[in-house]
Amino acid sequence: MNLQPVFTKIISTGSYLPAKILTNDDLSKIVDTSDEWIRTRSGIRARHIAADGEETSDLALIAAQRALEAAGLTATDIDLLVVATTTPDVIFPSTACIVQDKLGAKNAVAFDIQAVCSGFVYALSIVDKMVSTGGYKNALIIGAEIYSRILNWQDRTTCVLFGDGAGAVVLTRSDVPGILATKLYSDGSRRAILNVPGHVRNGVVYGDPHVHMDGPAVFKMAVNVMAEVCNETLAMANMTAADIDWLVPHQANTRIIDATGRKLGVAPEKTIVTVQGQGNTSAASIPLALDTAVRDGRIKSGDLVQTVGVGGGFTWGSALIRW
Ligand code: ACO
């Protein structure tokens, strides 16, 4: 019997953004808004929008292929495939099963995680357990979203904030620690502050199938919980914020990101921010930011990376990673 400790390590990243870019000026022709309002409240300048024929699984597929290529693995090496999404292709099958087929990952167990903007951190925590207990060897986590299809393009309070995209990571069983600590939370009693209330019943859509948000309540909640859960995962690993090389928070809004960094005591130069050109891509935002910082050389092997997500549900969580 092998008694060697088993860990989970991220070995590569990949991402994909749809070709079409919608700027704040473009938006100001659709709703009563301005580049100045959007930039000062959120930091966002532009977002990507999926083409008509593009599905969430198509975005996920390209991000996954790029991550596999960077890992030097093929699709059949993957035995666990998890897609974090709030905007699945269809009600069922899972988007993960559709990606499995498109990718040719025929040896993978595939399923979706639905935790809105915290979906990627939730997936990291679950996959870490499944790999580090020795059951799975090579895993693929993909965060992929097409929020442009669940936005009310007449509602300026929400449609200016979101975008489409996908990010992926490949994880493998390792004898050195990679995922050091994870901590997840949910509070369903706060579900009213951010939701899509519409649902299908007997073939009819009941309720509004678009994003509803109490912006100030979400802002307050996000700022309160993000630094707190980061500190919890640091304590679990006997570390402090001074040990962090890179903070990679959910990319909703630069004001939330800045406030989290300040509360945690992490300098802006150590915080990865991609929301300016992408908007809030929900479950895709953290892996998109990771891929950006890995490919531009900021995140390097050996770095301590703190990720933290927060989103509808309400859900939140953090993962501390040795790269
Ligand atoms: N353009 C112009 N004016 C707007 C727009 C817009 N796009 N949207 C709202 N307004 C108006 C409102 O109608 C309101 O006008 P009124 O005062 O005449 O009624 C006014 O702007 C509100 O302005 P502020 O109070 O300055 O808005 P605030 O500072 O609260 O910013 C925002 C709003 C950006 C939504 C903020 O609350 C926020 O960032 N919340 C967090 C939301 C978020 O990031 N959600 C992402 C999803 S959740 C997640 O990922 C964690």
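The values are calculated or read from the model by the stated rules, or taken from the named source; none is laboratory data. For clarity, every value in this text was computed on a predicted model and none was experimentally measured. Heads up, the Cβs are rebuilt from the backbone with ideal geometry, glycines too, and the neighbour counts pull from every protein chain shown. When the accessible area is computed, the model is the full protein with side chains, heavy atoms only, and any ligands, DNA or RNA have been set aside. Shrake-Rupley method; radii C 1.70, N 1.55, O 1.52, S 1.80 Å.
Yes or no, residue by residue, for (1) open to solvent by 40 Å² or more (accessible area, probe 1.4 Å); (2) in contact with a helix residue (DSSP H, G or I) (Cβ under 6 Å, 6 or more places away or on another chain); (3) β-branched (Val, Ile, Thr); (4) more than 30 Å from LEU22 (Cα to Cα):
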| residue | (1), (2), (3), (4) |
| --- | --- |
| LEU180 | yes, no, no, yes |
| ASN195 | yes, no, no, no |
| GLY198 | no, no, no, no |
| MET213 | yes, yes, no, no |
| ASN231 | yes, no, no, yes |
| ALA242 | yes, no, no, yes |
| PRO249 | no, yes, no, no |
| ARG255 | yes, no, no, no |
| ASP258 | yes, no, no, no |
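Which one of the conditions (1) over 25 Å from ARG41 (Cα atoms); (2) of a type in the set (Val, Ile, Thr); (3) open to solvent by 10 Å² or more (accessible area, probe 1.4 Å) does THR157 fail to meet, given that it meets all the rest?
Unmet for THR157, out of (1) over 25 Å from ARG41 (Cα atoms); (2) of a type in the set (Val, Ile, Thr); (3) open to solvent by 10 Å² or more (accessible area, probe 1.4 Å): (1).
List the residue pairs whose Cβ atoms are under 8 Å apart, where the first residue sits in region 201-225 and is more than 25 Å from TRP153 (Cβ to Cβ), the second is more than 8 Å from the ligand (Cβ to nearest atom) and part of a loop (DSSP other than H, G, I, E, B), and the two are 6 or more positions apart or on different chains.
Listed pairs, sorted by first residue: MET221/PHE314.
With touching a strand residue (DSSP E or B) at 6+ places or on another chain (Cβ under 7 Å), free of Cβ contacts under 8 Å to residues at least 60 places away in the same chain and open to solvent by less than 20 Å² (accessible area, probe 1.4 Å) as the only criterion, which of ILE286, ILE299 stands out?
Values: ILE286 fails: free of Cβ contacts under 8 Å to residues at least 60 places away in the same chain.
Criteria check complete, one pass: ILE299.
Within region 12-33, which residues are out of contact with any helix residue (DSSP H, G or I) (no Cβ under 6 Å at 6 or more places or on another chain) and among the small types (Gly, Ala, Ser)?
If the condition is that a residue be out of contact with any helix residue (DSSP H, G or I) (no Cβ under 6 Å at 6 or more places or on another chain) and among the small types (Gly, Ala, Ser), then ALA19, SER28 are the ones that fit.
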